[in-house]
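Have a look at the structure below before the remarks.
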Amino acid sequence: MEGVLGFLAGEAVIVDPAVVSGAACYKLLIGAVVPRPIAFVSSVSADGVRNLAPFSFFNAICGEPPVICFSVSNREPRKDTLANVRATGEFVVNIVSEEIAAQMNLASGEYPAEVDEFDVSGLTAIASDLVKVPRVKESHVNMECRLMQVVEVSTRPRRPPLLQQHSQIRTSKEDPRTTHEAPLLRIAGPRRMHR
């Protein structure tokens, strides 16, 4: 947050998303909502072109029925993934591990719709069991999905759903962009927390 963190460093503040720039809100969100797992989404266009793209706004939102969501940024041109999922109603979320992080970064580039990111990344596309979309062989977890719904969210509504963010901004000496140091994380089951 160019200029803003320097002004706010070490002080308790209230951030009003209706007033602060979208970029500043984004930086506060990604600094506060951590960790953000990466959904490495494979999809196929209506013409049969495979697509593979990472999304860092992703999470589980319901256990029964099992529902996950990922967010495609509201930008132009839109990522091919959204058009593909709308056209076919299917996708696979492949969980990213350190072993495939470099290939994921290769797939994250801005490519024309006719480019197959499986080819770009060198990752292996294998058949899924329940959907027509391939999954990433090298991923340890693959979630085969059918589209439930698409929720359109405006980039700057008059009064955003997040009305205010109460934040005490502290920065690390090592990395002044860090907004907190040790969030508690829930790991795979009851009472399993990690810092």
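For the residues V153, V133, the requirement of being assigned to a loop (DSSP other than H, G, I, E, B) and modelled with pLDDT of 95 or more singles out V133.
The residues of segment 59-78 that are surrounded by 14 or more Cβ atoms within 10 Å (Cβ to Cβ) and touching a strand residue (DSSP E or B) at 6+ places or on another chain (Cβ under 6 Å), listed by number, are I68, C69, F70. When residues in segment 71-113 are screened for being closer than 24 Å to K132 by Cβ, acidic (D, E) and free of Cβ contacts under 8 Å to residues at least 40 places away in the same chain, 1 of them pass. Would you call T124 surrounded by fewer than 16 Cβ atoms within 10 Å (Cβ to Cβ), within 30 Å of D16 (Cβ to Cβ) and either among the polar types (S, T, N, Q) or modelled with pLDDT of 90 or more (or both)? No, not satisfied. So in segment 102-112, with the set limited to residues that are under 15 Å from the mean Cα position of the chain (by Cα) and surrounded by 13 or more Cβ atoms within 10 Å (Cβ to Cβ), which one is modelled with the lowest pLDDT? Once the filter is applied, the top-ranked residue is S108.
Of the candidates E76, E99, E2, the single residue that is within 28 Å of V120 (Cα to Cα) and at pLDDT below 75 is E76. Scanning segment 27-60 for residues that are free of Cβ contacts under 8 Å to residues at least 40 places away in the same chain and over 26 Å from E98 (Cβ atoms) yields a count of 2.
Applying the selection to segment 43-94, what residues are basic (K, R) and assigned to a strand (DSSP E or B)?
Hit for segment 43-94 is R50, nothing else.
Please verify whether F55 is within 17 Å of V151 (Cα to Cα), of a type in the set (F, W, Y) and within 15 Å of the chain's Cα centre (by Cα), treating the condition exactly as stated. Yes; evaluated as a whole, the condition is true for this residue. Selection of segment 32-44 for residues being surrounded by fewer than 17 Cβ atoms within 10 Å (Cβ to Cβ) and of a type in the set (S, T, Y) yields an empty set.
Before we move on, is R146 farther than 28 Å from V44 by Cβ and at pLDDT below 95?
no
Here S167 clears all of (1) surrounded by 12 or more Cβ atoms within 10 Å (Cβ to Cβ); (2) modelled with pLDDT of 60 or more; (3) not charged (D, E, K, R) except the condition numbered (2).
The values are calculated or read from the model by the stated rules, or taken from the named source; none is laboratory data. All values derive from a computational prediction rather than experimental measurement. Cβ sites come from the backbone with ideal geometry, for glycine too, and all protein chains shown count toward neighbours.
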